[in-house]
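Below is one structure, written out as structure tokens, with a few remarks after it.
The values are calculated or read from the model by the stated rules, or taken from the named source; none is laboratory data. What you are looking at is a predicted structure, and each value in this text was computed from that prediction instead of being measured. Cβ sites come from the backbone with ideal geometry, for glycine too, and all protein chains shown count toward neighbours.
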Amino acid sequence: MYRKMLVLRFSAETTGEPIVCNLSRDFNLCFNILRAQIVPGEEGIMVLEISGNKRDVIRGLSYLRAKSVTIKPVEREIRKNNDICIQCGACTGICPTKALSINRQTMEVLFDPKLCTACEMCVSICPVKAMEIRFSKELMPYL
């Protein structure tokens, strides 16, 4: 099973179309919408996990691009700001995917963006807000 975590950006013209539904029906893909802000007639954004046969995932991604959906891997939208991180480790205990861990030799907090599912639990617990999620304000403008 091939799996991708993606941030999708929809144009105002496509937000009323059943694009994600078509991924399942036409390309035999499973999807899990982790968070979304989609309003017909306005630009939209979605954090989506898709999985299936690698060939089908590639075909599905081509379909999204043909529909003018901008696709970015989640790991490109999330980063740990090492300049402000105080290495307290609070984020490591709450991270459900172990994307954040502690190197026991150096006591440094490590971040593996490929394991991250963008749950944002680390953002809320970090005392200095060292975890930065670029799409978060677009989805939740009140944060």
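Answer yes or no as to whether Arg25 is among the basic types (Lys, Arg), over 22 Å from Arg134 (Cα atoms) and in contact (Cβ under 8 Å) with a residue 12 or more places away in the chain. Spelling it out, it is not the case that Arg25 is among the basic types (Lys, Arg), over 22 Å from Arg134 (Cα atoms) and in contact (Cβ under 8 Å) with a residue 12 or more places away in the chain. Just so you know, in region 55-75 the residues that are basic (Lys, Arg) and surrounded by fewer than 12 Cβ atoms within 10 Å (Cβ to Cβ) include one that is nearest to the chain's Cα centre (by Cα), and it is Arg65. Total residues in region 110-130 satisfying the condition of being in contact with a strand residue (DSSP E or B) (Cβ under 6 Å, 6 or more places away or on another chain), outside any loop (DSSP other than H, G, I, E, B) and not aromatic (Phe, Trp, Tyr): the figure is 4.
Taking Thr92 as the residue in question, decide whether it is at pLDDT 90 or above, under 27 Å from Glu132 (Cβ atoms) and surrounded by fewer than 13 Cβ atoms within 10 Å (Cβ to Cβ).
Details: at pLDDT 90 or above: yes; under 27 Å from Glu132 (Cβ atoms): yes; surrounded by fewer than 13 Cβ atoms within 10 Å (Cβ to Cβ): no.
Judged against the criteria, Thr92 is not a match.
Residues in region 51-66 that are touching a residue at least 12 places away in the same chain (Cβ under 8 Å) and among the β-branched types (Val, Ile, Thr): Val57 alone. Within this structure, Ile45 fails the test of being among the hydrophobic types (A, V, I, L, M, F, W, C), closer than 18 Å to Arg134 by Cα, over 13 Å from the mean Cα position of the chain (by Cα) and surrounded by 13 or more Cβ atoms within 10 Å (Cβ to Cβ). Among residues of region 107-140 being touching an Asp or Glu at 6+ places or on another chain (Cβ under 6 Å) and at pLDDT 85 or above, the one that is surrounded by the most Cβ atoms within 10 Å (Cβ to Cβ) is Pro113. Of everything listed in (1) polar (S, T, N, Q); (2) in the same structural domain as Ile33 (by TED's automatic domain parsing); (3) on the phi < 0 side of the Ramachandran plot, the single unmet condition for Ser68 is (3).
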